[in-house]
């Protein structure tokens with residue numbers, strides 16, 4: 001059965017005029033989304049330096065409480081938003097996915113910083129997961145290293161926009177057969193198994209870094225270890241001071 | 001104290017143990033002499049009582065275990081000791097009985113370089129998980145290609161009923177590691 005779109009057809013100017021007279025005109029959907037977007041409770045956890053910026057955002061100067069998102073909950077069962085703030089190591093990734101699975105619907109994810117998005121400067125590390133979006137769906141990607149508190153507030157506002165665009169009739173979490181639990185990766189002999197969840201994420205077709213993956217540093221004639229027994233290289237000679245500058249008119 | 005003076009002092013006090021100066025550090029030629037040296041440093045007048053760090057390093061021909069020592073009572077240091085071991089038999093006596101602070105540091109060096117500290121009370125991996133194979137900081141470690149699904153990944157995905165495209169299954173059949181001959 002097709003459901004009618006519950007969209008307000010009242011003119012914005014009329015609404016404003018009525019508001020001045022003390023009459024509120026709204027729709028159930030608007031009211032519902034207003035409530036949800038004004039009380040996003042993030043989960044209280046941080047993984048690396050981005051968490052420091054997240055803490056700064058929560059403090060008085062930037063004051064995330066202006067957006068109603070000041071209540072950092074220590075339990076995934078009570079939180080609506082997961083801010084993945086920092087590098088996700090392969091050892092930590094299964095736990096992050098498990099926390100996501102434990103969150104109650106509706107749930108949202110913001111990846112904060114380059115590391116959580118794609119590995120950041122540590123992308124070539126053996127221990128670093130190249131982005132948490134390999135295992136869980138992400139709503140807002142927030143670039144930066146780390147993003148400033150203003151950026152996190154902007155990300156939160158973008159998420160609020162997304163929430164405002166959702167309607168009760170079509171929201172996923174009231175539909176039958178919603179699957180938003182994702183299998184938790186396991187520790188393998190070389191890294192995580194699987195390397196990504198193809199349901200959510202797939203590698204790019206063209207990757208200029210591909211040649212570098214899976215290559216050993218060769219031990220042979222080409223590679224040379226530094227010879228510690230040789231005396232250290234002489235310091236670079238200090239360039240001789242330039243010839244005396246032409247005398248300035250003041251001195252002459 | 002300069003490293004040259006320090007070397008002469010140690011050679012005088014510990015006859016029979018060969019030392020060699022390597023830049024600003026002292027190489028203990030025979031790794032099995034290391035506990036004797038450390039015991040002497042800690043219990044003599046030098047009072048070198050603080051082992052700040054134990055690290056490994058890979059020089060391709062050999063592995064090194066490097067120790068940084070200070071004295072907190074005499075405010076002296078830094079004294080650097082080195083031990084060289086073969087890549088295929090990297091056994092170094094543990095310093096845990098002498099310096100307790102070596103415990104985690106040696107575990108880290110074992111985890112990353114595979115240097116086996118003999119006599120360590122609990123030599124397990126520290127940063128990587130149990131079941132991880134290989135020593136990732138060694139220069140011949142081959143890192144996995146994390147953009148490429150392998151048969152075990154497909155098996156896991158099938159077990160968890162995650163749909164996988166045929167194209168991806170085909171890709172998994174081709175080997176992902178391109179090995180080049182050493183010394184080309």
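The numbers here are math on the coordinates, done by the rules we state, and not lab data. What you see is a predicted model, and the numbers here were worked out from it, not measured in a lab. All Cβ positions, glycine included, derive from the backbone under ideal geometry; neighbour counts span all protein chains shown.
Per-residue answers, yes or no, for (1) away from chain A (no Cβ under 14 Å); (2) in contact with a helix residue (DSSP H, G or I) (Cβ under 9 Å, 6 or more places away or on another chain):
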position	(1), (2)
B:80	no, yes
B:94	yes, yes
B:107	yes, no
B:117	yes, yes
B:125	no, yes
B:130	no, no
B:144	no, no
B:150	no, yes
B:169	no, yes
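In a residue-by-residue description of the range A:53-67, the property of being in a strand (DSSP E or B) and under 14 Å from the mean Cα position of the chain (by Cα) applies to no position. The one condition from (1) outside any helix (DSSP H, G or I); (2) surrounded by fewer than 19 Cβ atoms within 10 Å (Cβ to Cβ); (3) without any contact (Cβ under 8 Å) to a residue 60 or more places away in the chain that residue A:158 does not meet is (1). Please go through the range A:161-185 and give me each residue that is in contact with a helix residue (DSSP H, G or I) (Cβ under 7 Å, 6 or more places away or on another chain) and not in a helix (DSSP H, G or I), ordered by number. Passing the criteria: A:166, A:167, A:168, A:178, A:181, A:182, A:184, A:185. I'm checking my understanding of the structure. Among residues of the range B:20-40 that are closer than 10 Å to residue B:80 by Cβ and out of contact with any helix residue (DSSP H, G or I) (no Cβ under 8 Å at 6 or more places or on another chain), which one is surrounded by the fewest Cβ atoms within 10 Å (Cβ to Cβ)? The extreme case among them is B:23. Working only within the range B:96-105, note down all residues that are in a loop (DSSP other than H, G, I, E, B) and out of contact with any helix residue (DSSP H, G or I) (no Cβ under 8 Å at 6 or more places or on another chain). Of everything in the range B:96-105, those that are in a loop (DSSP other than H, G, I, E, B) and out of contact with any helix residue (DSSP H, G or I) (no Cβ under 8 Å at 6 or more places or on another chain) turn out to be B:100, B:101.
Which pairs turn up if I take residues in the range B:45-71 that are in contact (Cβ under 8 Å) with a residue 24 or more places away in the chain and at positive phi and look for partners that are in a strand (DSSP E or B) and surrounded by 15 or more Cβ atoms within 10 Å (Cβ to Cβ) with beta carbon separation below 6 Å, at least 6 apart in sequence or on another chain? As it stands, the answer is B:47/B:71, since those pairs meet every condition given.
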